[in-house]
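This report refers to the structure that appears directly beneath it.
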Amino acid sequence: MSYIAGVDIGNSTTEVCIGEVTQNGNLSFLTSASCPTTGTKGTIENVYSVKNALKMAMSRIGRETSDLDLVRLNEAAPVIGDTAMETLTETVITDSSMIGHNPSTPAGVGQAVGEVLLIENISRASTDTAYILAASAEHTYEEIAAIVNQHEELNIAGIILQADEAVLVENRIRRKLPIIDEVRRIDRLPDGVPAAIEVALPGQTIRMLSNPYGIATLLGLDATETRTVTPIAKSLIGKRSAVVLKTPGGNIHENVLPAGEIYFYGDKNITISLDEGADKIMHAAAEAGDIHDISGQPDTNVGNMLSRIRTGMGDLDRSSDADIRITDILAVDTLAPVLISGALAGETCLEKAVGIAAMVKTQKLPMQEIAARLNTELNTEVRVAGVEAIMASLGALTTPGTKLPLAILDMGGGSTDAAIISGNGSVTMTHQAGAGELVSMLIQTELGLSDRHIAEQIKKYPLAKVESLFHMRMENGQMTFVDESIDPRFFGRVVLLTENGLVRIEEEIPMEKIVQIRRDAKRKVFITNAFRALRKVAPQHNLKNISTVVLVGGSAEDFEIPEMLTEAFTDYRIVCGRGNIRGNEGPRNAVATGLVLSYLGEAK
């Protein structure tokens, strides 16, 4: 009897399947394991994760890796998915210009217009001018309130504070004023310039300062100035409070960066501008036919983006004759929060952006070198075996309820691969750029998250809002009550429901917005890629010629992607669902299982 290991080196995880082959040729599956992939898929760094996964799997049957008779590695295709994003415009505001701000703890309510008056200059104020009083953190809230109360003869219409003390000041002054606090760079407030502030009622949002014409009304702007203040108005939409000021000679300009053109070299050579948007870019990609390379216009956004991706792949293949090509892209329209240069407190403005996932191909990745290193370190025969898509198809056939012909969608971290295995066993396959990594990037960008890890978690887990210490409102509207008190740290916050408990979302983002962006990102990537991949491999490129699709790979474990795809394929009467490899592995382990199964065919 022999112990055979199938090893699938993926972009995110390395998976192992252990099978036992008896002398009369019978195969039985014993166990499986997975661990995070070390290094980039198809590079020598993968050796560490392969050894870890093998050790983990063998320990589950009470064996050592030295007991293995053969290790079969997937022939990792020399293609790697990568992602990049560029905004098409850049909003730049100089230091002397319209500046917006949105503190989270304002006080009072209403609008106010007046000249900025620094509190240390209050003795020079006149009674016939309206003022917006500005005080740095050097002044205590008691001192500020006392000064305001002492100068009742002055027309103080509103207050701007550097410290987080708006409510404390409001409670101590005798007049009701809108008060903005948390203005970190208050030292950049010029004395004597026109300013407007607005604080909305609790539960409402500002109306004047989030409207370019509202700002024009309050500050007396002409048509040209109103157009240039639009980025500030956009950045303040949905906020409860804001301050906008205008200084003499100030200007705002929108610097339109060159988006650039994408060049497709295929059956037809096609040129398309990045500014045309994702739909037209993908139409051009389809029109180009079989693509052997893609490049971008030099010294433009898209040219720099594709160059960075190509350079990253070049670091993996250092051979002198390295032939590095981009063979597929997935373009996605999105909005990215862009920091407004010169703004007072880190304001951002949503700008049009295009996210791109690229499939980069090189002449070779060192699979034989990986096999040789493993052979030495494990003292076991290691062989580079079948092509990934074919092995995944064989593994998918172990899902109960399947038969030939069969289509698979292998949805991983960097790519979405499709294959069809016909009734006579022939296989047609394709690799498409774009999968889980691109979804995470879209979530992080559109929500303005600083941490990529939390974007990954938002992609993987459902949400809830903790509305009391004993109940939560789920994202689907369901109310869930708990027997034991919820940790007070989660009260009133949006949380992720993970297998290890609740994870708090630190950013103040409504649950409904997070859900919408998460689902839209998955549709943009996985629904788009599923259709274009299956059309490439379907007989006559017609989806109606496909009867069964099995979803495999890490992204097939997602709690909503399989259901999205099932709904999307309804019109084609396709039986589509999450695979269950060997009846107990779920959608994972298809390639590793296929590698063990294919050993029997080779042995014969």
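The values are calculated or read from the model by the stated rules, or taken from the named source; none is laboratory data. Since this is a predicted model, take the numbers as computed values, not measurements. All Cβ positions, glycine included, derive from the backbone under ideal geometry; neighbour counts span all protein chains shown. To get the accessible areas, we keep the full protein, side chains included, count just its heavy atoms, and leave off ligands, DNA and RNA. Shrake-Rupley method; radii C 1.70, N 1.55, O 1.52, S 1.80 Å.
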If we keep only residues of region 513-548 that are of a type in the set (A, V, I, L, M, F, W, C) and free of Cβ contacts under 8 Å to residues at least 40 places away in the same chain, then the residue farthest from D410 (Cα to Cα) is L543
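Return the only residue of I122, I144, I159 being at pLDDT 90 or above, in contact with a Leu (Cβ under 9 Å, 6 or more places away or on another chain) and open to solvent by 10 Å² or more (accessible area, probe 1.4 Å). Show your work before the answer.
Working: I144 fails: open to solvent by 10 Å² or more (accessible area, probe 1.4 Å); I159 fails: open to solvent by 10 Å² or more (accessible area, probe 1.4 Å).
Of I122, I144, I159, the one residue that is at pLDDT 90 or above, in contact with a Leu (Cβ under 9 Å, 6 or more places away or on another chain) and open to solvent by 10 Å² or more (accessible area, probe 1.4 Å) is I122.
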Looking at region 16-37 only, could you name the residues that are open to solvent by less than 10 Å² (accessible area, probe 1.4 Å) and of a type outside the set (A, V, I, L, M)? C17, G19
Working carefully through the options T399, T445, find the one that is in contact (Cβ under 8 Å) with a residue 40 or more places away in the chain and surrounded by 22 or more Cβ atoms within 10 Å (Cβ to Cβ). T399
Region 205-233 - residue that is part of a helix (DSSP H, G or I) and farther than 25 Å from G108 by Cβ and, of those, modelled with the highest pLDDT: A223
Looking only at residues that are modelled with pLDDT under 90 and among the small types (G, A, S) in region 3-15, which one is surrounded by the fewest Cβ atoms within 10 Å (Cβ to Cβ)? S12
Go through R573, R588 for me and flag whichever is touching a residue at least 24 places away in the same chain (Cβ under 8 Å), within 26 Å of the chain's Cα centre (by Cα) and open to solvent by 50 Å² or more (accessible area, probe 1.4 Å). R588
What's the total number of residues in region 325-339 that are among the β-branched types (V, I, T) and either in a helix (DSSP H, G or I) or at pLDDT below 80 (or both)? 1
Please work out if T566 is outside any loop (DSSP other than H, G, I, E, B) and free of Cβ contacts under 8 Å to residues at least 60 places away in the same chain. yes
Which residues, counting only those in region 402-426, are open to solvent by less than 10 Å² (accessible area, probe 1.4 Å), in contact with a His (Cβ under 9 Å, 6 or more places away or on another chain) and under 17 Å from I9 (Cα atoms)? T416
